[in-house]
Amino acid sequence: MRVATQVRTLFRYRLLIQSLVGRELKARYRGSILGFFWSFVNPLLQLLTYGLVFGVILPRGKDPQMEPYLLFFFCGILPWTWFNSSLLEASGVLIAGGSLIKKVMFPAEVLPVVTVLTNLAHFLLGLPILILCLILYGRLAPSALLLPLPILVQLILTVGLALIISALTVHFRDLQNILGHLVHLWFFASPVLYYYGARTGKARLLLRLNPMSHLLVSYQQMLFEGYFDHWRGLFATLVVAALAFALGAFLFDRLRDTLAEEV
Amino acid sequence: MTTPAVVARDVAKVYRRFMHRNQFKTLKSALLTGSVIRDLTPDQTFTALDGVSFEVPKGTTFGVIGENGSGKSTMLKLLAGITKPTRGDLRVDGRVSALIELGAGFHPEISGRENVAINGIMLGLSRREVQERFADIVAFAEMERFIDAPVKTYSSGMYARLGFAVAIHVDPDVLLIDEVLAVGDEAFTRKCLDKIGEFRRRGKTILLVTHSLGLAEKMCDEVLWLRQGKIADEGDPKRVIDAYLTYVAGGEETLLAREHGLSAGASAEEAAPARAPGDPALAGGYREGRWGSREIEITSVRLLDDRGHERHVYVPGESLTISLAVTARAPVDDFVFGVGVFNADGVAVYGTNTHIEEFKPGLVEGTGEVALVLEDLRLVEGTYLLDVAAHRRDGTPYDYHRGLYTFRMKSRIKDVGVYRPPHHWSFSGGISLTVPEVRPELDLHETEGEIGQTDGNGDGDGNENGNGGVSTS
């Protein structure tokens, strides 16, 4: 029930969400010289950093599954960045928007959702560069048309987690500090830098329990490998994402009344 | 007019307070000491509103007054839907716009134009409506030249103006205003008030939370007075505001009454052995004290209002009775009773005694009471000190109390001086002024001020002669 109401609320405020996302996108690069181009330049610079580290500083044994490595890495880091920044920004978003919550009748859940959607927009802006790279390598396959599926699942998962984190941070400010490390750990526990299929034993189990693994594998298969057969993993992740959303909606609803007083 | 715009039924709001606030701020300590559960249960609650019920009929302007911390702002937040009542039922019919913080949610980096659009949507407008009203909003805020500059470059006045303009153009059915009219310059405040006036004429409902009693009295059809989260009074603005003023004065009353008792007691002790008999007239500086031979003793002094209640705060136009309880150990036939009124600077405002007013002394025997009735206090706001005395006709004091008693004048008109003559203004020719709609307390207690045109002198004379009513027994 709560989930249904939550979804309805968010739908009702879609115009507000839409304009706030637009505002965030505009405001983020306001005053910088490259402006909007940062959305394209950011992932490229990230790619360059990791390319330098793992291509030159820490040379690895060549795994044919991951060649060309930078392209493989690009397929994973782009959705990961969306996930990563959404959670980190969500932790501070209610505190930053305190004046809104306290002074205007404002549906607080809009704020974490806007954060996730703004980062989705950055992700989508980076996608054409990735596609372009794939075309250059002659890798683009029809499986890329399935992309909306993992994106949707990731959206549900991220919104759920963002709701939980944003509401809890209001009460436990230290979450903001811990979170950076947790997300960093999560990054290494997800197959962005390495190939999911190559892990065995405990590492394999850990990866299977990590919902982000299945999403990343989906992206990598659809884009990098040119086929998709990870249906079960993706479906299981959808279930987990739905649960996370339900928990987020529930928790946010429970804490909503205290938000205006605690922020 | 049939259904009320706002209905509150037994509304209560309880805030929780946590004793271990600081420890609880960190998750680590909560986890380490295992006090999570204990810290999550509130140690203390604070009841901001307690069982408040009222209705606001559609199309009326409803004021909420009260001291700081009386729950006014909480009420407004509940009405705006920012927080929810802990108990009770609250219904608001129609679109609500709250002028609680102007320009809340403006993003500093983007232009005024974009902020207006988003702020409008935030306040519940559709994109179409924002577009339609945009020109009006900008014109109202007088921001045509700056609307495309980022909001961070705005002055605070510009910021507030734009915020007000958006909020007011949401065209709500119910407008909530919380003391926000203090922003902006004179002209803009004027404009805001005009706009609110226009709202009233168009039959919209307005809820006004304010400390400005003048504004409340001028604008509101009905006023609600909150005291410590409860309704103290509700109804006709003038009546409620008067009751509120009396209550506020009451706080000072207790203070003055305490001072009164204390200083009288203390000095009586300290000055028990008769001190140098000072001339009742101003000899040296004005210092409080008590002296005299006590052949006639003033045992108590009470300040009474026209209903015979002891009071220490008065408004102009009221009557003040200074009542002295007097005891003579042996019969005395040479005596004068006198009273002097001094302002806080020690300036003699008025003084009289039975000798000056040519009463012939008879006899004082046993106990008795002397009362001087000041029928129509025409004093400006401030604290006043009283001298009361019994002495011989040659001035030798029996019992002289100097400055031991205080009373306070309270007035909404802050005129200055020591005396307020009955007065009125008149203008003719090419002079135009707006007459204040409410002439505070001039029309409460001293209608002569406005009506009496020629009896100003007569009134003054009457005042001087009329208060010679001293009776002995």
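What follows draws every value from the coordinates through simple rules; no lab data is involved. Just so we're clear, the structure is a prediction, and the values are computed from it rather than from any experiment. Note that we place each Cβ from the backbone using ideal geometry, even for glycine, and neighbour counts take in every protein chain shown.
Amide H of B:L99 versus every other amide H placed in the peptide plane: which residues, excluding those fewer than 5 positions away on the same chain, fall under 5 Å?
The answer is B:L176, B:I177, B:D178.
Taking the Cα centroid of the stretch A:96-145 and of the stretch B:355-404, what is the distance between the two, rounded to the nearest whole Å?
Distance between centres, Cα-based: 86 Å.
Within 10 Å of each Cβ of B:117-127, how many other protein chain Cβ atoms are there on average? Spell out each step's value before the answer.
Working: counts 3, 5, 2, 1, 7, 11, 4, 3, 1, 1, 3.
Mean partner-chain Cβ count within 10 Å for B:117-127: 4.
Using 0.36 nm times the number of residues separating A:F235 and A:R254, minus their current alpha carbon distance, what extension gain do you get? If you can, show how the numbers build up before the last one.
Values: separation 19, 0.36 × 19 = 6.84 nm, distance 2.86 nm.
Stretched fully, the A:F235-A:R254 segment lengthens by 4.0 nm.
Measure off 7 Å from each Cα along the Cα-to-Cβ vector at A:S99 and B:R95, then give the distance between these two points in nanometres to one decimal.
Simple spin-label model gives 2.4 nm for this pair.
In the stretch B:223-237, which residues have a backbone nitrogen under 19 Å from the label point lying 7 Å from B:E67's Cα in the Cα-to-Cβ direction?
B:224-234
Counting other Cβ atoms within 10 Å, keep those with at most 12, restrict to DSSP loop, and tell me which GluC sites (Glu not before Pro) in the stretch B:109-190 are left.
Working: sites: B:E109, B:E114, B:E129, B:E132, B:E142, B:E144, B:E179, B:E186; in loops: B:E109, B:E142, B:E144, B:E179.
In loop regions of the stretch B:109-190 (DSSP not H, G, I, E or B), the sparsely surrounded GluC sites (Glu not before Pro) are B:E144.
In whole Å, how far is the Cα centre of the stretch B:204-249 from that of the stretch A:15-32?
So the separation of the two Cα centres works out to 43 Å.
Write out the GluC sites (Glu not before Pro) in the stretch B:365-437 meeting two conditions: DSSP loop, and at most 16 other Cβ atoms within 10 Å of their Cβ. Walk me through the numbers on the way to the answer.
Values: sites: B:E365, B:E369, B:E375, B:E381, B:E437; in loops: B:E375, B:E381, B:E437.
Passing both the DSSP loop test and the Cβ count: B:E375, B:E381, B:E437.
In nm, give the distance between the simple-model label positions of A:R199 and B:A139, each being 7 Å from the Cα along the Cα-to-Cβ direction.
The answer from the label model is 6.5 nm.
Could you give the length gained by full extension between A:A242 and A:A4, i.e. 0.36 nm per residue of separation minus their alpha carbon distance, to one decimal place?
Numbers: separation 238, 0.36 × 238 = 85.68 nm, distance 1.18 nm.
Working it through step by step, the gained length comes to 84.5 nm.
FRET efficiency for B:E55 and B:R16, Cβ-Cβ distance as r, R0 = 35 Å, nearest 0.05? Please list the in-between numbers first.
Values: r = 29 Å, r/R0 = 0.83.
Computed FRET efficiency for B:E55 and B:R16: 0.75.
Listed here are the pairs B:K195/B:K218; B:K191/B:K218; B:K13/B:K230; B:K13/B:K77; A:K102/B:K84; which of them are more than 20 Å apart at the Cα?
Working: B:K195/B:K218 15 Å; B:K191/B:K218 16 Å; B:K13/B:K230 11 Å; B:K13/B:K77 11 Å; A:K102/B:K84 12 Å.
Over 20 Å Cα-Cα: none of the listed pairs.
Give me a comma-separated list of calculated 3J(HN,Hα) values for the stretch B:59-73, in order, Karplus coefficients 6.51, -1.76, 1.60 applied at θ = phi - 60°, integers in Hz, x for any Gly or Pro.
Taking θ as phi minus 60°, the curve returns x, 9, 10, 10, x, 10, 10, x, 6, 4, x, 8, x, 4, 5 Hz for the stretch B:59-73.
Listed highest first by mean packing, meaning other Cβ atoms within 10 Å per residue, what order do B:428-436, B:412-420, A:223-231 come in?
Numbers: B:428-436: 6.6, B:412-420: 13.0, A:223-231: 17.6.
So the order, starting with the most tightly packed, is A:223-231, B:412-420, B:428-436.
Run the simple label-point estimate for B:H211 and A:Y29 please: 7 Å along Cα→C-beta, distance reported in nm.
4.8 nm
How high is the relative contact order of the stretch A:2-262, in percent, counting Cα pairs under 8 Å that sit 6 or more residues apart?
28 percent
Roughly speaking, what is the stretch gain from B:R239 to B:K218, that is 0.36 nm per residue apart minus the C-alpha to C-alpha distance, in nm to one decimal? Show your work: numbers first, answer last.
Numbers: separation 21, 0.36 × 21 = 7.56 nm, distance 1.28 nm.
Contour length minus Cα-Cα distance gives 6.3 nm.
Can you run phi through the Karplus equation (6.51, -1.76, 1.60; θ = phi - 60°) for the stretch B:377-392 and list ³J(HN,Hα) in whole Hz, with x for Gly and Pro?
In residue order, the calculated couplings are 5, 10, 10, 7, 4, x, 9, 10, 10, 10, 9, 10, 7, 10, 8, 6 Hz.
Pop out the ³J(HN,Hα) list for the stretch B:82-88 in order, Karplus 6.51 cos²θ - 1.76 cosθ + 1.60 with θ = phi - 60°, rounded to Hz; leave Gly and Pro as x.
Going residue by residue, I get 6, 10, 10, x, 5, 9, x Hz, with x marking Gly and Pro.
Using the Cα atoms of the stretch B:137-230, I'd like the radius of gyration and the largest Cα-Cα distance, Dmax, both in angstrom.
Cα radius of gyration and Dmax of the stretch B:137-230 are 14.8, 48 Å respectively.
Assigning unit charges at the beta carbon (Lys, Arg +1; Asp, Glu -1) and nothing else, what dipole magnitude in debye, to the nearest 20, does the stretch A:1-59 show about its Cα centre?
Rounded to the nearest 20 debye, it is 480 debye.
Quote the FRET efficiency, to the nearest 0.05, computed for A:W38 versus B:R201 with a Förster distance R0 of 51 Å and r equal to the Cβ-Cβ distance. List each step's numbers first, then the result.
Values: r = 52 Å, r/R0 = 1.01.
It comes to 0.50.
FRET efficiency for B:D148 and B:L193, Cβ-Cβ distance as r, R0 = 35 Å, nearest 0.05? Walk me through the numbers before you get to the answer.
Values: r = 29 Å, r/R0 = 0.83.
Efficiency computed from Cβ-Cβ geometry: 0.75.
Which of A:V217, B:V373 comes first, and how do the rest follow, when ranked by fewest Cβ neighbours within 10 Å? Intermediate results must be reported in sequence, preceding the final value.
Numbers: A:V217 25, B:V373 17.
Fewest-to-most Cβ neighbours within 10 Å comes out as B:V373, A:V217.
Just for the stretch B:174-248, what percent of DSSP beta bridges are antiparallel, to the closest 5? Kindly include the intermediate steps, with their values, before the conclusion.
On the way: 5 of 10 bridges.
Of all bridge pairs located within the stretch B:174-248, approximately 50 percent are antiparallel.
Using alpha carbons only, how many angstrom separate the centre of the stretch B:94-150 from the centre of the stretch A:155-188?
33 Å
Considering amide H positions built from the backbone, and no H for Pro or chain starts, which residues 5 or more places from B:I65, or on another chain, come under 5 Å of its amide H?
Sorted by chain and number, the residues that satisfy this are B:L224, B:W225, B:L226.
Got a sec? How would B:M143, B:M122 order by Cβ neighbour count within 10 Å, fewest to most?
Exposure proxy ranking, most exposed first: B:M143, B:M122.
Among A:S213, B:S126, A:S166, rank each residue by its count of other Cβ atoms within 10 Å, from fewest to most, as a rough exposure measure.
Numbers: A:S213 22, B:S126 11, A:S166 30.
Fewest-to-most Cβ neighbours within 10 Å comes out as B:S126, A:S213, A:S166.
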